[in-house]
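Structure record follows, encoded as structure tokens.
All of the numbers you see were taken from the coordinates with simple rules; none came from a lab. The structure displayed is predicted, hence computed values, not measured ones. We place every Cβ from the backbone using ideal geometry, glycine too, and count neighbours over all the protein chains shown.
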Amino acid sequence: MKITLTGSTGNITKPLAKILIGAGHQITIISSDAAKAGAIEALGATAVIGSVTDAGFLTTAFTGADVVYIMIPPNYGAPDLRKFMNETGKNFAVAIKNSGVKRGVVLSSVGAHRSEGTGPITGLYDLEQTLNDLEDVDFKYIRAPFFYINFYALS
């Protein structure tokens, strides 16, 4: 199976890629950092470098995939985090629709069933709603708790 993963060499994507490659799948990993291409290729995956804020790039990266794994990257410096998450979610939706992908796995969060009152998780509520509006695409949402390891990026 051809699977495209967002999340570069992060705490979920890297171990996930190792498992999927070990199971014989063809893996493409999206990263915004060209310096990580070598590490991605060392895993046995194909690296594609670009931004999740670019729907055209995502469409190209998703084309030909049987499944995509998407997650909105942490962006603690965004002046309006929910707006950033909504724009990124819309880019994912456009790319999925235009690339013809029919299945996706989405990293969401506990609490993403609530539209308000959950802080940054409201952006994941919006993401789920945006993706659910796509016709003929099956999504599985992983509503995980917060990953405190993400705070290491702030140090």
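With contacts defined as alpha carbon pairs under 8 Å and 6 or more residues apart, what's the relative contact order of region 2-154 in percent? It would help to have the intermediate numbers written out before the result.
On the way: 261 pairs, mean separation 30.3, N = 153.
Relative contact order, region 2-154: 20 percent.
Pairs to check: Lys14/Lys83; Lys14/Lys140; Lys2/Lys36; Lys2/Lys102; Lys90/Lys140; Lys18/Lys140. Give those whose C-alpha atoms are more than 24 Å from each other in this structure.
Lys14/Lys83
By the scheme Lys and Arg +1, Asp and Glu -1, what is the net charge of all other residues having a beta-carbon under 14 Å from that of Ser115?
Summing Lys/Arg as +1 and Asp/Glu as -1 gives -1.
Using mean Cβ contacts within 10 Å as the protection proxy, how do 56-65, 13-22 order, highest first?
56-65, 13-22
What does the net charge come to around Asp126 if you take all other residues with beta carbon closer than 13 Å to its beta carbon, with K and R at +1 and D and E at -1?
Net charge in that neighbourhood comes out at -1.
Could you name the aspartates and glutamates whose alpha carbon sits less than 19 Å from that of Lys97, not counting residues in the same chain fewer than 8 places away?
Of all the aspartates and glutamates, those that pass the test against Lys97 - Cα under 19 Å, at least 8 places apart if same chain - are Asp54, Asp66, Glu87, Asp126, Glu128, Asp133, Glu135, Asp136, Asp138.
Quick one: check the C-alpha center-to-center distance for region 75-109 versus region 50-73, whole angstrom.
Going from one Cα centre to the other spans 9 Å.
Counting Lys and Arg as +1 and Asp and Glu as -1, what is the net charge of the other residues whose Cβ lies under 14 Å from the Cβ of Thr4?
So the surrounding residues net to +2.
Using the Cα centre of the chain as the reference point, and only Cβ charges (+1 on K/R, -1 on D/E), how large is the resulting charge dipole? Debye, rounded to the nearest 20.
Rounded to the nearest 20 debye, it is 340 debye.
For the ranges 71-77, 89-95, 137-143, what's the packing order if you count other beta-carbon atoms within 10 Å of each residue, average per peptide, and put the highest first?
Details: 71-77: 16.0, 89-95: 20.7, 137-143: 14.1.
Packing order, densest peptide first, comes out as 89-95, 71-77, 137-143.
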